[in-house]
């Protein structure tokens with residue numbers, strides 16, 4: 001079959017169930033047959049195609065449209081599947097400068113600056129990373145879920161900086177999503193962050209465990225909850241401490257919950273410096289002098305965002321299986337604060 005899932009034109013595919021093939025649900029069988037022909041489309045996408053009338057069964061009198069994804073197929077049946085050309089993405093393309101670390105026909109890795117929202121949403125309808133990627137990638141986006149748009153498999157908060165990988169094809173999106181769903185348990189995915197936090201943890205290496213769910217006192221916040229929520233595990237290592245006031249820590253995620261690092265650190269009274277949502281005023285820290293320590297506190301309290309940076313990202317390339325690993329230097333604002341903490345200008 002010459003058709004490919006990356007074609008920008010509509011495709012009409014003819015798929016025949018082998019005579020020796022096992023029967024099963026239509027969506028599952030079609031996914032298997034397409035995969036055998038080198039076309040990778042998610043079952044969710046296939047269900048949508050069936051619901052849209054894009055799948056028909058060849059009969060002696062013509063073709064009959066099939067509308068039930070759970071229809072039980074029979075050996076020897078032939079189906080026609082029409083895959084429409086990718087629709088233009090709803091978010092518009094906007095020329096926003098990006099720092100591209102790596103790019104090929106399947107994925108793009110970018111170093112996101114603080115202040116850039118990942119996806120359009122209420123309050124941020126445009127000028128997002130998605131808008132920037134649509135403009136940057138152009139026709140190399142082959143259609144995620146039927147649209148010409150980038151496939152977001154993980155996110156960074158608006159004011160968190162650092163490395164992100166984004167899929168450019170439906171196949172890459174599925175493969176990357178599976179890696180992120182495993183949270184690195186199979187060794188394919190590595191993610192690490194650097195954070196400046198208040199205080200000095202009692203151990204150089206430690207782990208924070210605690211289910212994360214909606215706060216019972218503020219529904220806009222996440223919190224470590226005693227009942228419900230989702231399991232969350234963060235491994236941490238203290239890289240350096242600055243006069244007992246602030247520490248630079250390396251955080252590695254075993255799970256990927258909303259605001260996980262920020263919530264876990266705040267729960268242990270080591271909230272991220274500059275965190276406007278989960279941070280707390282350090283009333284317990286009183287400078288012994290009005291000199292150096294006071295200056296350090298002033299600089300840290302004035303930091304305009306959460307001092308959190310995704311500095312390491314490793315994953316298995318979704319197309320060729322190559323192991324890729326990237327590192328990002330701390331952004332200028334965090335580096336400047338560290339210089340102050342170390343006694344520089």
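Please treat every number below as a calculation from the coordinates, not as lab data. None of the values given here were measured: they were computed from a predicted structure. Cβ placement follows ideal geometry from the backbone for every residue including glycine, while neighbour counts extend to all protein chains displayed.
Remarks
- Relative exposure of 222, 164, judged by other C-beta atoms within 10 Å (fewest first): 164, 222
- Distance between modelled label sites at residue 185 and residue 235, nm, 7 Å Cα→Cβ extension: 1.5
- Estimated FRET transfer efficiency (residue 11, residue 219; beta-carbon r; R0 56 Å; 0.05): 0.80
- Residue exposure proxy: 139, 170, 126, ordered by other Cβ atoms within 10 angstrom of their Cβ from fewest to most, comes out as 139, 126, 170.
- For the chain, calculated [θ]222 nm from helices alone, where every DSSP H run of n ≥ 4 adds -39500 (n - 2.57): -6000 deg cm²/dmol
- A full extension of the chain between residue 336 and residue 102 corresponds to an added length of 81.6 nm, given 0.36 nm per residue minus the alpha carbon distance.
- Relative to the longest principal axis of the Cα atoms of the chain, the long axis of helix 292-301 makes an angle of roughly 30 degrees.
- Pairwise FRET efficiency - residue 20 versus residue 63, Cβ, R0 = 35 Å, nearest 0.05: 0.90
- Sequence-distant contacts, meaning Cα pairs under 8 Å at least 6 residues apart, place the relative contact order of the chain at 13 percent.
- Between segment 26-63 and segment 169-232, the Cα center-to-center distance that results, in Å: 36
- Pair residue 209, residue 295: separation of 7 Å Cα→Cβ label points (nm): 4.4
- Relative to the globular-protein estimate of 2.2 N^0.38 Å, the Cα radius of gyration of segment 62-140 stands at 1.70.
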